[in-house]
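Everything on this sheet refers to the single structure shown next.
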Amino acid sequence: MPTQPHSRFDFPIDVADGDIDDMGHVNNAVYLRWVQTAVLRHWRRFAPREAVATRLWVALGHDIRYRRPALPHDHVVVRLLLEKLDGAKAFYRARIDRGDQTLAEIKSCWCCLDSVSKRPVRLARDIVARFLPLPSLPSD
């Protein structure tokens, strides 16, 4: 029986003292660290062990919109949505929420690399199917 694809992933975070900047709220760079951590946890949670051991992910770009500051002692959740896998690229949308408030919205693009050669590598169809529904193949 096929498993349900895992395109969504929630990653809870408790704001740490070291996340706070001189303005008394979470530093902007920390939001990106949270998204990176969530993307990598998503990959490790649902990819096969051999793929996790032989593949790396690097960020190609981020577009972030800050809506509200995260504050000391906040509990936030990074809500990921993997929108598309295209060759070696993965396209994510992320939202960082505190309760029912959205603190930031992020679009990011990631590239899958072979862990030895450090060159881009496509994900096999069976791995893609763990994350996104696959289009139907024509029957013979």
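The values are calculated or read from the model by the stated rules, or taken from the named source; none is laboratory data. The shown structure was predicted, so the numbers you read here are calculated from the model rather than taken from an experiment. No Cβ is skipped: glycine too gets one built from the backbone with ideal geometry, and neighbour counts run over all protein chains shown.
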Selection status of Ala88, free of Cβ contacts under 8 Å to residues at least 40 places away in the same chain and either more than 30 Å from Val26 (Cα to Cα) or crowded, with 18+ Cβ neighbours inside 10 Å (or both)
yes
Say whether the condition of being more than 16 Å from Arg65 (Cβ to Cβ), at pLDDT 95 or above and not hydrophobic (A, V, I, L, M, F, W, C) is met by at least one residue in segment 101-113.
no
Report, by residue number, each residue of segment 81-96 that is closer than 30 Å to Leu71 by Cβ and small (Gly, Ala, Ser).
Ala94
Of the candidates Arg45, Arg41, Arg68, the one satisfying the condition of being surrounded by fewer than 16 Cβ atoms within 10 Å (Cβ to Cβ), closer than 17 Å to Glu105 by Cβ and at pLDDT 95 or above is Arg68
Within the set of pairs 6 or more residues apart or between chains, which connect a residue that is closer than 24 Å to Glu50 by Cα inside segment 121-140 to a residue that is at pLDDT 90 or above and assigned to a helix (DSSP H, G or I) with Cβ atoms less than 6 Å apart?
Ile127/Ala51; Arg130/Phe46
Report whether or not Pro12 is in contact with a Gly (Cβ under 9 Å, 6 or more places away or on another chain) and in contact (Cβ under 8 Å) with a residue 12 or more places away in the chain.
no
